[in-house]
1. Run the helix sum for the chain: -39,500 (n - 2.57) per DSSP H stretch of 4+ residues, divided by residue count, reported at 222 nm to the nearest 500 deg cm²/dmol.
2. Defining a contact as two alpha carbons under 8 Å apart and six or more residues distant in sequence, what relative contact order in percent does the chain show?
3. Neighbouring Cβ atoms within 10 Å as the yardstick, rank Thr324, Thr298 fewest first.
4. What residue among Thr200, His181, Asn85 has its Cα farthest toward the positive end of the dipole of segment 2-216, where the charges are +1 on Lys, Arg and -1 on Asp, Glu, each on the Cβ?
5. Rounded to the nearest 20 debye, what is the charge dipole size of the chain about its Cα centre when +1 sits on each Lys and Arg Cβ and -1 on each Asp and Glu Cβ?
6. Enumerate the aspartates and glutamates that Lys393 could reach by cross-link, defined here as Cα to Cα under 20 Å, with residues fewer than 8 away along the same chain left out.
7. Among Arg57, Arg325, which comes first, then next, by fewest other beta-carbon atoms within 10 Å?
8. For segment 2-216, taking Cα atoms only, what is the radius of gyration to one decimal and the Dmax to the nearest whole Å?
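None of the figures in this text is laboratory data; all of them are computed from the coordinates on show. It should be emphasised that the depicted structure is a prediction, and the values quoted were computed from it without experimental measurement. Please note: Cβ atoms are built from the backbone with ideal geometry, for glycine as well, and neighbour counts cover all protein chains shown.
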Amino acid sequence: MANQNSKILTAEQELKLRQPMEDYVSKIQADIDRLRAEGTDRVLTLQNHIDRIKKDRVLTKQEKAAMIAEDRVQLEKAKEIEEKNKETVAKLIADAENFIGAHFDRDYYQKVKESCVLEKAEAKEKYRQTVARIKREHQETMAKLSDHQEIKDERYVYKNRLFDAKRKREKDFQRMKDRRHAAYTYQYHLIDLLRMSKFTFLESKAQKWENYKYTFNRRAFLLQNGLYIAIILIFIMLCIITPMVKNSPLLTYNNVLNILQQASPRMFLALGVAGLILLTGTDLSIGRMVGMGMTTATIIMHQGINTGSVFGHIFDFTKMPIGTRVVFALVMCVLLCTFFTTIAGLFTAKFKMHPFISTMANMLVIFGLVTYATKGVSFGAIEPTIPNMIIPKINGFPTIILWAVAAIFIVWFIWNKTTFGKNLYAVGGNPEAAAVSGISVFGVTVGAFIMAGILYGFGSWLECARMVGSGSAAYGQGWEMDAIAACVVGGVSFTGGIGKISGVVVGVFIFTALTYSLTILGIDTNLQFVFSGIIILVAVTLDCLKYVQKK
């Protein structure tokens with residue numbers, strides 16, 4: 001124990017260990033600073049001065065030009081000095097870095113690390129002894145008591161003393177963690193001064209990894225990624241079970257492409273509803289939007305004259321060119337879906353109606369209208385040449401995936417690079433604060449619904465091409481649950497203002513892959529609904545726990 005205690009460093013001993021590096025690097029740093037004074041430092045000062053002159057609104061154009069010209073003359077001289085001293089500075093930096101590399105780990109960091117390990121062991125032992133002492137004292141006190149209230153009070157005191165001991169141990173652990181982290185980052189502090197904050201790729205990655213380990217919290221990690229981990233484990237289990245049951249592997253090239261094809265139209269739906277969830281809303285009408293879009297697209301792109309009627313009228317679009325019919329079908333899908341989402345958006349924004357109600361009304365209206373108009377019949381297949389026009393396969397690769405990639409990029413750009421996207425996050429996070437700061441909550445809400453409608457229209461049009469028609473009012477039933485679940489699993493929070501496009505993409509792929517896997521295994525569709533429901537419940541529970549933790 002005495003030998004161990006001798007290896008535990010005091011703060012003064014730690015400073016003494018790194019003093020040689022401090023002295024050596026400081027001496028070299030002084031030489032570098034002297035060489036940089038009229039070179040690099042002067043270049044940076046003049047460049048900043050030129051930038052300030054350009055932004056200055058008080059100076060005239062002629063005054064700016066004269067001052068900038070004068071600064072550029074001095075800048076050229078400073079650059080010449082910088083270039084002249086560049087090799088000398090590089091040698092000095094290399095000398096300092098070699099010294100740090102030779103002494104940092106061996107003479108300083110490993111000793112601090114060992115000291116922290118021993119301190120942690122000592123803290124654990126102290127905690128064990130403290131708990132044993134508290135327990136012994138508690139038992140001795142309890143043996144002397146007979147009054148019920150006194151016994152109750154003593155138990156309360158006992159729990160508090162144990163809690164205080166635990167807090168003391170955690171505080172000691174954190175102090176050692178801080179000490180080790182500070183020791184590790186000290187080398188980068190020295191390099192930072194030498195190189196003026198320029199690190200290599202590997203050095204930057206090493207610092208990020210160290211910071212991740214330093215800030216890692218098991219509870220927060222499980223709250224953030226627990227559901228992903230569970231789903232991945234389930235998927236791995238399915239990959240193991242499938243060859244046993246079906247005598248064929250699950251993760252084949254064709255299966256992966258099939259999953260991506262199925263996920264592509266659903267990606268549009270998930271991206272659309274993600275914007276509404278970002279505003280603490282939802283959309284229950286997605287499935288019926290898909291049914292309406294599929295029916296509309298199938299009628300317009302139908303192979304030959306339609307066999308079914310709409311409000312008693314049989315449509316014939318065969319006289320129109322194929323290309324025109326394809327574009328017309330897309331326009332109609334987008335217009336119809338956008339029309340209904342806009343209505344829901346207006347009611348939500350104007351009358352503060354919860355999207356649950358406005359979209360549920362949409363769901364009922366759309367299903368009722370389409371079923372009544374078409375008598376619930378399926379409209380058969382579209383022209384067989386159309387899928388090859390919209391989503392051809394190039395060397396076996398389905399280009400429908402590229403449509404989804406384009407949608408992901410466009411929505412990502414809108415969310416992250418436009419004023420509307422920033423306002424979307426602001427309104428979702430705190431609509432009252434957003435309104436006070438001048439953001440139109442009404443406009444953002446309606447805009448999110450319009451954007452969702454456009455994406456729904458595209459998604460249903462692509463699904464029609466993928467399935468070669470077969471549009472009916474019943475098509476798309478339950479798709480709203482898949483889209484919402486994908487968003488929630490992907491981290492788009494129902495508390496509003498939290499979510500990333502990357503999360504939505506991951507959520508869609510996870511859900512599609514699991515559904516596809518369960519279908520291959522022959523699991524009943526109804527049981528798949530149960531599975532989806534459990535995932536949604538767990539995902540929202542974890543989301544609520546994260547929200548409570550932040551509060």
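1. Working: 20 runs with 432 residues, N = 551.
That comes out to -27500 deg cm²/dmol.
2. 18 percent
3. On the way: Thr324 11, Thr298 26.
Least crowded to most crowded, the residues run Thr324, Thr298.
4. It is His181, whose Cα lies furthest towards the positive end.
5. Details: 66 positive and 48 negative charges, 176 e Å.
The calculated dipole for the chain is roughly 840 debye.
6. List returned: Glu383, Glu463.
7. Working: Arg57 4, Arg325 20.
Listing Arg57, Arg325 from fewest to most nearby Cβ atoms yields Arg57, Arg325.
8. Both quantities, over Cα of segment 2-216: 28.7, 95 Å.
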